[in-house]
1. Search segment 79-110 for residues being buried (at least 17 other Cβ atoms within 10 Å of the Cβ) and either under 18 Å from residue 202 (Cα atoms) or of a type in the set (A, V, I, L, M, F, W, C) (or both), and hand back the single one that is nearest to the chain's Cα centre (by Cα).
2. Can you tell me which residues in segment 185-216 are in contact with a helix residue (DSSP H, G or I) (Cβ under 6 Å, 6 or more places away or on another chain) and among the β-branched types (Val, Ile, Thr)?
3. Can you give me the number of residues within segment 52-73 that are surrounded by 15 or more Cβ atoms within 10 Å (Cβ to Cβ) and closer than 21 Å to residue 103 by Cβ?
4. Residues that are closer than 19 Å to residue 234 by Cα and at pLDDT 95 or above: list the strands (runs of 3 or more DSSP E) wholly contained in segment 1-90 that include at least 3 such residues.
5. Which pairs have Cβ atoms under 9 Å, sit 6 or more apart or on different chains, and link a residue in segment 215-243 that is farther than 26 Å from residue 36 by Cβ and surrounded by fewer than 23 Cβ atoms within 10 Å (Cβ to Cβ) to one that is hydroxyl-bearing (Ser, Thr, Tyr) and modelled with pLDDT of 95 or more?
6. Scanning for something among the small types (Gly, Ala, Ser), over 13 Å from residue 18 (Cβ atoms) and modelled with pLDDT under 90, does segment 216-227 turn up at least one residue?
7. Within segment 230-277, count every residue that is at pLDDT 50 or above and either outside any loop (DSSP other than H, G, I, E, B) or within 16 Å of residue 213 (Cβ to Cβ) (or both).
8. What's the number of the condition residue 188 fails, among (1) assigned to a loop (DSSP other than H, G, I, E, B); (2) closer than 29 Å to residue 53 by Cβ; (3) modelled with pLDDT under 90?
Amino acid sequence: MRQQNLREPGKTHYRTIFLSDIHLGTKGCQAERLLEFLKQHTCDRLYLVGDIVDGWRMKSSIYWSQSHSNVLRRFLTLTKRGTQVVYVTGNHDEFLRRYSDLAIGHLELVDEAVHDTADGRRLLVVHGDEYDVITRYHRWVAFLGDLGYTLLLALNRHFNALRSRLGYGYWSLSAWLKHRVKRAVNFISEFEEAVVHQCHKRGFDGVVCGHIHHAEIREIQGLRYLNCGDWVESCTALVEDEHGRFEILDWSRRAPAATVVPLPAAAAGVEPERGAA
């Protein structure tokens, strides 16, 4: 069977892995952590849910370390080994949208995709920028916000360098600030509801997205809302096992065992095997 051939000794295998907002080409990208994650996991299908390469930032300056090249090389290696890799474009890599619907071997480039889960549900897979009013209609505000976010991430790097010298682990100052500012919290809530509303109109059972750098598994209006998070602040991946059960793996501390956040039993249709972290 195809799934058996893709399994590797000593690695955790999933039916599907979803990654978003890696932002290769920026200093904030945590490529080393992502490489460690990729080396320890295999899957039948990998979705790259937008903002994988940061074209916005690369227009003004380019930061590209060997680890960034290694991430791309790892994705290509997965396709050669038989993993189906679906690259869903985002707003930061919108320059790729002119090549949408391109398919080369086990690699597909699309603006959106439909994922059929193991338990028979149809999920819309989309980056999510089209449901962000600021990004869609006020691009200058989005670019200005991106600049401020980049400065905040620079502060975050210095902050964590100090924590490391003091013997503490990684902690995202930028994520902490974002989730405690009322306007940011309201924006996340409005974004989630907008995505789910569109998903409902189009007849899907749920949606997988990225864009807002906030990993989440929840039920909204009777539909599944699943957000991959990012590899700048939270270092999270969304995964699906062979039974259609979804989890968020937190790789921010590069822990031996990743933090698991199971989908609520009522939405998943199965009893959770582990409690939420």
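The values are calculated or read from the model by the stated rules, or taken from the named source; none is laboratory data. Here the structure is a predicted model, which means the values were calculated and not measured. Because the Cβ atoms are built from the backbone with ideal geometry, glycine has one as well, and the counts that use them run over all protein chains shown.
1. 88
2. Of everything in segment 185-216, those that are in contact with a helix residue (DSSP H, G or I) (Cβ under 6 Å, 6 or more places away or on another chain) and among the β-branched types (Val, Ile, Thr) turn out to be 195, 207, 212.
3. 2
4. 12-19, 41-49
5. Cβ pairs passing all conditions: 218/225; 219/225.
6. no
7. The total comes to 18.
8. For residue 188, the exception is condition (1).
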